[in-house]
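Just below is one structure, and these are the notes that go with it.
The values are calculated or read from the model by the stated rules, or taken from the named source; none is laboratory data. In this text the structure is predicted, and so the values were computed from the model without any measurement. For neighbour counting, all protein chains shown are included, and Cβ atoms are generated from backbone atoms with ideal geometry for every residue, glycine included.
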Amino acid sequence: MLKNKVALVTGASSGIGRAVALICAREGARVVVSDIQQKGGEETVALVRAQGGDAIFVAADVGKPEDAEALVARAMAHYGRLDVACNNAGIGGPQAPTADYPLDGWAQVININLSGVFYGMKYQIAAMLKTGGGSIINVASILGAVGFATSPAYTAAKHGVVGLTQAGALEYSAQGVRINAVGPGFIHTPMISALEQDAGANAMLVAAHPIGRLGRAEEVAELVAWLASDRASFVTGAYYPIDGGYLAR
Ligand code: NAP
């Protein structure tokens, strides 16, 4: 369902991004795997190739606009087009209530988790318009819809990602660029491994998901792959929670 398409995935050395890269490749896309972590990125490329797919690794820091521009340029130079972009790279950041939240932590989380998505979209949209359109999927969070005490920067950034998604969809859907966001609940990845290792915190997290467990990266990637494909041709400007019922409480 992604045959003949080129897909770019940020934060693809680990967790959800790696799963998105693998599932997009399984569906036939050629994949540009990007991350600040080179070793994990090259492992993702090797995993894609091991399942018979085609991928390259391009190192890029999503928080640097010049990297975002160079990443898209590299994808265009190597594969000649860009059909799908998944803006997935992100960090958890410090945990503290707002009055105690460190200023540098705020700036870092907003830069990577929010400005990083804007920088990505800016250059991805321009490239997609050259070849008739594409599909952008921004990885927000359930915290793009509700708050989480001690994570003000993360919560604000993810709400911002939903807003950016909507604004971009209004601007470019008529020109063939669909732009959507996904909102994962807590997903079993390295990002939350410290929380999972704390038995009390882990039990609280599981209890917050009516389905009775945390999610798997592959479950999020299946939604991303569908939004990337032409099967989602009437879907744009939407925010899709994928959260085991977290937001239904
Ligand atoms: P992960 O396993 O930590 O993977 C994220 C990858 O992005 C890591 O390789 C990370 O490198 C990389 N990265 C960090 N900063 C970057 C930057 N400036 N430029 C490029 N790459 C960078 O995390 P994940 O759980 O898969 O999270 C992926 C996305 O899903 C994030 O946007 C996250 O906010 C979102 N999300 C996750 C959950 C969850 O429960 N796991 C829930 C909702 C939403 P480092 O290892 O060096 O940081």
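Take the residues of region 154-193 that are in a helix (DSSP H, G or I) and more than 17 Å from the chain's Cα centre (by Cα): which is farthest from the ligand (Cβ to nearest atom)?
Result: ALA174.
Right, GLU43: surrounded by fewer than 24 Cβ atoms within 10 Å (Cβ to Cβ) and within 13 Å of the ligand (Cβ to nearest atom) or not?
So GLU43 fits the description; yes.
Out of all the residues in region 194-218, which are in contact (Cβ under 8 Å) with a residue 24 or more places away in the chain and outside any strand (DSSP E or B)?
Hits for region 194-218 are ALA208, HIS209, PRO210, ILE211, GLY212, ARG213, LEU214, ARG216, ALA217, GLU218.
List pairs: first residue in region 111-128 and closer than 15 Å to ALA140 by Cα, second residue of a type in the set (Lys, Arg) and surrounded by 24 or more Cβ atoms within 10 Å (Cβ to Cβ) anywhere in the structure, Cβ distance under 9 angstrom, at least six positions apart or on different chains.
ASN113/LYS158; LEU114/LYS158
List every residue pair whose Cβ atoms lie under 7 Å apart, where the two residues are 6 or more positions apart in sequence or sit on different chains, the first residue falls within region 70-99 and is in a helix (DSSP H, G or I), and the second residue, located anywhere, is modelled with pLDDT of 95 or more and among the polar types (S, T, N, Q).
Pairs that qualify, where the first residue is in a helix (DSSP H, G or I) and the partner is modelled with pLDDT of 95 or more and among the polar types (S, T, N, Q), are LEU71/SER34; VAL72/GLN124.
Restrict the check to region 104-112 and report whether at least one residue is surrounded by 23 or more Cβ atoms within 10 Å (Cβ to Cβ) and touching a Pro at 6+ places or on another chain (Cβ under 9 Å).
Yes: one or more hits.
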